[in-house]
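Input: a single structure, listed below in structure tokens.
Please treat every number below as a calculation from the coordinates, not as lab data. Nothing here was measured: the structure is a model prediction, and the numbers come from that model. Heads up, the Cβs are rebuilt from the backbone with ideal geometry, glycines too, and the neighbour counts pull from every protein chain shown.
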Amino acid sequence: MAGGDTFESVDWEETGSRLSTLSRRDWGALLTGLALVAVFLYDYLVLPGNRPTITFPVEWNVTQLDWLFVVTLLALLFYVAIPLYDNRRLTAYYWREFRKNRMAVLSLGYLLVVFLIGVVGPLFLDKPTLALDQAYQPPVYLGVDSTVPVNCVGEVVNGRCQGTMAHPLGTTGDGKDILVLVIYGMQVSMKVGLISTLLVVTIGTTVGTVAAYGSGLVDELLMRYVDIQLVFPAFFLYLLLTYLFGGSLFMFIVIFGLTGWGSIARLVRSEALQRAEEEYITAARSAGAGTLYVIRRHLVPNVSNSVITAATLLIPGFILFEASLSFLSLGDPTVPSWGQVIATGRSDLSTAWWISTVPGVFLFTTILAFNFMGDALRDALDPRQET
Amino acid sequence: MTEPLLSIRDLRTVFHTDEGLVRAVDGVSFDVNRGETVCLVGESGSGKTVTGESITRLIRTPPGEIAGGEIVFDGQDLTALSEAELRDLRGDRIAHVFQNPQGALNPVYTVGWQIVEAIQLHQDVPREEARSRGLDLLDRVGIPEATRRFDDYPHEFSGGMKQRVSLAMALATNPDLLIADEPTTALDVTIQNQILDLLTELQDEFDMSILLITHDLGVVAEVADRVVVMYAGKVMERGDVFDLFERPSHPYTRALLNCLPGRGDGARSIGGKLPSPTDPPDGCRFHPRCDYAVDACREGDQPPAYAVDGDEDHVVSCVHYGPGSDPSVVRGEDEEAVPADGGRAVDGDGGARGDDR
């Protein structure tokens, strides 16, 4: 009887009349999500493909990736911003802890700026186009031998071409403005980091908590699947699909988001196993709470601190990985990601050093900022792991 | 006599572990009548907690399993109910309070949220109404300035206050039976008394029965109407609290009472330790530690429950009380006749299940 008991005792049916498994916030998020799906279907099925989805206030033809990004931003709104606002006292407490780490506060400010410019900027800036007559312009306040640019936009002083505010960070060998490229790159990095991490965290947390709480056969099946997935070479799948269909950022995010959650699931499971033994879980069951309710309302909130910490450290990983693939020309050739710009400048390093350096500095500082912030978040949210 | 509220007959709960089958509760029977307090007493690992958790099947399955017996609550056999039917009962008609107030409240929610949850899990009432009822409850269990503290987090409460909050949560739906698993063990003595007083007060007010699980005979003397003494998954003795304290009959009960400081010539611990949970001894479970063990104690199964002095409400599972035996072997002629064999003292905490953290 013991073996067959597993599925019976894990009763997935909730009786209708009682307290819902989903909180009001969950319902809010769900309804907003459904509304979004409806708009997506309208855009996809009704509007002709070449017509922009919205024309006011800016003309914006929403792509598949943009849809995912909007979903991610909404998830951040519902599960980070609103809870922080609702529990102001707890937020104030976390902020006091977080503030102790000055570098982290600085990093947070920097990331917010990158995030906002990255989200909003590309809506107002045209994609940089080829302009060979403006190639190799140096950044403002800096000069370069006047033989380097074909046609110096600024003044030539003592045989050196001076940079101008027209191209504050200079231009590439194709004459594309590096500042605009960097801003587009910010959006790419934010999309890569946030969407992939959202996928990984959602699936990983669900699988981890269900495995830990379900125990027995459920646990065994889920975790053995995770073992298999962890040895699955997602990179080769990506290479194959890139070879067949050409690189695309959407594909990158979906493949690595859907195959990268194994380690998070393991982390969450080990944490949830401890939490599941806590008395408040028994107390919730003794109060008549069902399985899904206990998992959603009692287990998940109690593992969320370690999930958030792990997520902050996952984001830079994804950004860096996308940059390296783009650098190797395995990325999406149509989106100007930082890695791609770094790659285009690498043959000009001796003459036009800024082409690779500027996006490189942005990549470096963004990764660093996420790591600093992850450290401080861990100290604030998860004092047990303090080192 | 009217039907008891809860009637447990021959309950067997086992755990499938890597070391083998653990019979944590092995044939336990007792009743809880309406409005009375029954205490389940025994040392750590004797199966008290598992008995309490078996009633509404709170034990984790697997590895745990209720292998037999019946649990009749208000005319309904709980062992035959589905998980969903049990969920309707849990927290609504049968509520639990746990030992460790630090652990029984979820640290990520305010206490107010948790009381409202306890109400809304069973009753379809609007949030505002649930909130005002929660405030009343907090006030009732003696939380000062309940309105102000409603939105505080558990870590902002002291241990005693947390236990009061747990009690408020348990009482939220006015249960018929409250199962309190060592509700005072983790608290200091002054707070213990406050909580026990509160418990008896609330029992009258809410007209509920209490199954109190404890290892503290002082607590038993204070609140119990009837007592069930457990040892290694078996009931050793069962009876009215006065009978049990006046005429303790099982050698184990007598030994337990002798462990209390201030009785006779000082406290004496029971020698030896609990038998192995996977491989209990034949015969009476207590015989390896019993000073009166005879050959009959070492074979067969646990002796049946014999009435003490013809009193059917006071039964003891000891061969010395069987037909043709002489109970005075155990009782001696006077109260102090228990042989002094407490020298090789260990406190006997080798539990099958760490229910006393």
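By the Stokes-Einstein formula, at 0.890 mPa s and 25 °C, segment B:161-303 with its Kirkwood radius over alpha-carbon pairs has D equal to 143 µm²/s.
Altogether, the Stokes-Einstein calculation at 37 °C and 0.692 mPa s, with the Kirkwood radius of segment A:269-329 over Cα pairs as Rh, returns a diffusion coefficient of 238 µm²/s.
The string of couplings for segment A:94-109 from the Karplus curve (6.51, -1.76, 1.60, θ = phi - 60°) is 4, 5, 4, 5, 5, 5, 4, 9, 5, 4, 5, 4, 4, 4, 4, x Hz, one whole number per residue in order, with x for Gly and Pro. Computed on chain B, with alpha-carbon pairs under 8 angstrom and 6+ residues apart, the relative contact order is 20 percent. Only beta bridges with both residues in chain B are counted; by DSSP, about 65 percent of them are antiparallel. Ranked for footprinting exposure by Cβ neighbours inside 10 Å, fewest first, A:TRP338, A:TRP354, A:TRP67, A:TRP60 give A:TRP60, A:TRP67, A:TRP354, A:TRP338.
Only alpha carbons enter this Debye calculation for segment B:255-330, each as an equal point scatterer, and the log10 of I(q)/I(0) it gives at q = 0.14, 0.17, 0.28 Å⁻¹ is -0.55, -0.78, -1.24. Which log10 I(q)/I(0) values, to two decimals, does segment B:109-206 give at q = 0.14, 0.15 Å⁻¹ under the Debye formula with one point per Cα? Here the Debye-derived log intensity ratios amount to -0.49, -0.56.
According to the square roots a ≥ b ≥ c of the eigenvalues of the Cα gyration tensor, what is the shape class of the protein assembly as shown, taking rounded for a/c under 1.5, prolate for a/b larger than b/c otherwise, and oblate for the remainder? Prolate shape, in that a/c is at least 1.5 and a/b is the bigger ratio. Compute the acute angle (0 to 90°) between the alpha-carbon long axis of helix B:189-206 and the principal axis of greatest extent of the alpha-carbon atoms of chain B; round to the nearest 10°. The answer is roughly 70 degrees. For the pair segment B:135-170 and segment B:95-115, the centres of their Cα atoms are 10 angstrom apart. Sites listed here are GluC sites (Glu not before Pro) in segment B:221-252 whose DSSP assignment is loop and whose Cβ has at most 12 other Cβ atoms within 10 Å, and the list is empty. Over segment A:314-387, the Kirkwood radius and the radius of gyration, each from Cα atoms, give a ratio Rg/Rh of 1.15. The DSSP beta bridges internal to chain A are antiparallel in roughly 90% of cases. Gyration tensor analysis over the Cα atoms of segment B:38-175 returns equivalent ellipsoid semi-axes of 29, 18, 13 Å (largest first, whole Å).
Across A:LEU217, A:LEU258, A:LEU292, mean-square fluctuation computed from a Gaussian network of chain A (C-alpha pairs under 10 Å connected) peaks at A:LEU217. Converting the Cα gyration tensor eigenvalues of segment B:126-167 into ellipsoid dimensions via √(5λ) gives semi-axes, longest first, of 17, 11, 9 Å. When DSSP beta bridges are restricted to pairs lying wholly in the protein assembly as shown, around 65% turn out antiparallel. Across segment A:289-301, rounded Karplus estimates of 3J(HN,Hα) from the backbone phi angles (6.51 cos²θ - 1.76 cosθ + 1.60, θ = phi - 60°) give 7, x, 4, 5, 4, 4, 5, 5, 9, 10, 7, 4, x Hz, Gly and Pro being marked x.
Divide the volume of the convex hull around the Cα atoms of segment A:218-259 by the residue count and you get 63 Å³ per residue. Over segment A:299-387, what relative contact order in percent results from Cα pairs under 8 Å that are six or more residues apart? It comes to 32 percent, rounded to a whole number. Translational diffusion of chain B was estimated from the Stokes-Einstein equation, with Rh taken as the Kirkwood radius over Cα pairs; at 20 °C and 1.002 mPa s the coefficient is 101 µm²/s. Inter-chain Cβ neighbour count for B:124-131, averaged per residue, equals 1 (cutoff 10 Å, partner chain atoms only).
Kirkwood analysis of segment B:201-247, using all unique Cα-Cα pairs, places the hydrodynamic radius at 11.7 Å. For segment B:15-98, the orientation-averaged shadow of the C-alpha convex hull comes to 6.2 nm² (one quarter of the hull surface). Amide hydrogen proximity for B:ALA67: with H placed 1.01 Å from N in the peptide plane, the residues at 5 or more positions away or on another chain lying under 5 Å are B:ARG12, B:THR13, B:VAL14. Each residue of segment A:197-208 was assigned a 3J(HN,Hα) from its phi angle through the Karplus expression (A = 6.51, B = -1.76, C = 1.60, θ = phi - 60°), giving 5, 4, 4, 4, 5, 4, 5, x, 5, 4, 4, x Hz with x at Gly and Pro. With respect to chain B, whose longest principal axis is taken over its alpha-carbon atoms, helix B:127-140 is tilted by about 50°. Considering only B:PRO101, B:PRO261, B:PRO277, the mean-square fluctuation computed in a Gaussian network model of chain B, springs between alpha carbons under 10 angstrom, is largest for B:PRO261. Using alpha carbons only, how many angstrom separate the centre of segment A:184-202 from the centre of segment A:244-269? Value for the Cα centre distance between the two parts: 11 Å. Exposure proxy shown here: for A:PHE232, B:PHE286, A:PHE69, the number of other Cβ atoms within 10 Å sets the order, fewest to most, as A:PHE232, A:PHE69, B:PHE286. For chain A, state what percent of all Cα-Cα pairs lands in each successive 20 Å bin, counting from 0 Å until the bin that includes the largest distance. Binned Cα distances yield the sequence 23, 51, 22, 4, 0.
Ranked by the mean number of other Cβ atoms within 10 Å of their residues, highest first, the peptides B:313-319, B:91-97, A:97-103, B:300-306 come out as B:91-97, B:313-319, B:300-306, A:97-103. Could you identify which residue out of B:LEU86, B:LEU177, B:LEU212 has the top mean-square fluctuation in a GNM of chain B using Cα springs shorter than 10 Å? Highest fluctuation among the options: B:LEU86. Computed packing ranks the peptides A:127-140, A:276-289, B:152-165 as A:276-289, B:152-165, A:127-140, most packed first, by mean other Cβ atoms within 10 Å. Rounded to the nearest angstrom and ordered from largest down, what semi-axes does the equivalent ellipsoid of segment A:228-335 get from its C-alpha gyration tensor (root of 5λ)? Here the semi-axes work out to 38, 13, 11 Å.
Shape index of segment B:145-200: Rg/Rh, with Rg the Cα radius of gyration and Rh the Kirkwood radius from the inverse mean 1/r over Cα pairs, equals 0.97.
Among the GluC sites (Glu not before Pro) found in segment B:1-86, those both in a DSSP coil and sparsely packed, with 11 or fewer other Cβ atoms within 10 Å of their Cβ, are B:GLU19. Mean projected area of the Cα convex hull of segment A:63-192, taken over all directions, amounts to 10.6 nm².
What separates the Cα centres of segment A:82-121 and segment A:149-170 is a distance of 39 Å. Take each residue in B:97-105, count the other chain C-beta atoms within 10 Å of its C-beta, and the mean is 4. The Rg/Rh ratio for segment A:119-254, using Cα coordinates for both the radius of gyration and the Kirkwood hydrodynamic radius, is 1.26.
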